[in-house]
1. Quick one: in the chain, what % of C-alpha pairs are over 26 Å apart?
2. Ranking request for peptides 121-132, 70-81, 11-22: highest mean number of other beta-carbon atoms within 10 Å first, then the rest in descending order.
3. Tell me, what is the percent relative contact order of the chain, built from C-alpha pairs under 8 Å that lie six or more residues apart?
4. As I understand it, the value is the acute angle between the Cα axis of helix 172-185 and the longest principal axis of the Cα atoms of the chain; what does it come to in degrees, rounded to 10?
5. List every residue whose amide H lies under 5 Å from the amide H of residue 3, counting only residues 5 or more places away in sequence or on a different chain, with H placed 1.01 Å from N in the peptide plane.
6. Please list, ordered by chain and number, the residues whose modelled amide H lies under 5 Å from the amide H of residue 117; skip anything fewer than 5 residues away on the same chain.
7. With springs only between Cα atoms under 10 Å, which of 157, 96, 137 fluctuates most in a Gaussian network model of the chain?
8. Read phi for every residue in region 112-129 and hand back ³J(HN,Hα) as whole Hz from Karplus 6.51 cos²θ - 1.76 cosθ + 1.60, θ = phi - 60°, with x for Gly and Pro.
Amino acid sequence: MSTFVLKIQDLDEAGKDWNFAIGTDWLTSALADTELSAGADSGRLTVHAQRTGMDVLVQAHVEAELSATCARCLADVPIAVDLPLTALFSPEHMRPHGSAESDEIDVQLDEVNRDYYAGAEVVLDPMVREYLLLEAPMKPLCSDACEGIAIPDHLRPPAEVFGDAAPDARFAPLLKLKEALTKNEE
Ligand SMILES: [Zn+2]
């Protein structure tokens with residue numbers, strides 16, 4: 001069920017404004033199969049849309065609060081989305097041959113995105129979702145200095161395992177002996 005719907009009959013050349021709440025329920029279902037989840041509060045989608053012939057130009061702004069998981073310590077990482085969205089929707093029959101209908105739209109920031117509408121309404125839900133995903137970091141971190149989950153001392157491997165520790169003092173007499181033997185051979 002779509003939430004952000006503009007009815008073609010409501011649009012004109014002068015343009016009209018819409019103000020939608022991006023509810024946490026909507027966010028939760030839109031982000032269900034992603035690494036992101038809904039933040040604590042609802043977001044906002046403001047839309048200015050105008051119709052020229054059968055084309056609909058949408059200039060919108062997406063604001064939402066999302067949550068990701070820190071790649072190092074698994075803590076929640078808040079992600080604020082605050083993006084302008086510009087898109088030109090044309091009737092479905094104008095879609096170029098060979099470009100299949102799909103829920104996955106390739107959206108770009110700072111560009112006019114192209115999409116198509118079927119019937120008498122423009123549905124913005126899939127595009128809003130793609131915009132939110134644009135803001136998902138590849139590797140979310142709660143802070144650049146995050147040191148990850150603290151490993152208890154008894155689970156830490158001894159320092160020698162890493163090879164850069166000073167030689168064990170107990171080997172010192174052996175090293176001396178080796179030096180002495182090497183000298184004798186000369
Ligand atoms: Zn962290």
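Each reported figure results from applying straightforward, stated rules to the coordinates on display, with no laboratory input. For clarity, every value in this text was computed on a predicted model and none was experimentally measured. Cβ placement follows ideal geometry from the backbone for every residue including glycine, while neighbour counts extend to all protein chains displayed.
1. Result for the distance tail: 51 percent.
2. Numbers: 121-132: 21.0, 70-81: 15.2, 11-22: 13.2.
Highest-to-lowest ranking by the protection proxy: 121-132, 70-81, 11-22.
3. Values: 288 pairs, mean separation 37.1, N = 186.
Normalised by residue count, the contact order of the chain is 20 percent.
4. Value to nearest ten degrees: 60.
5. 125
6. 90, 92
7. Highest fluctuation among the options: 157.
8. 7, 7, 9, 8, 10, 10, 10, x, 10, 8, 9, 9, 9, 3, x, 6, 4, 4
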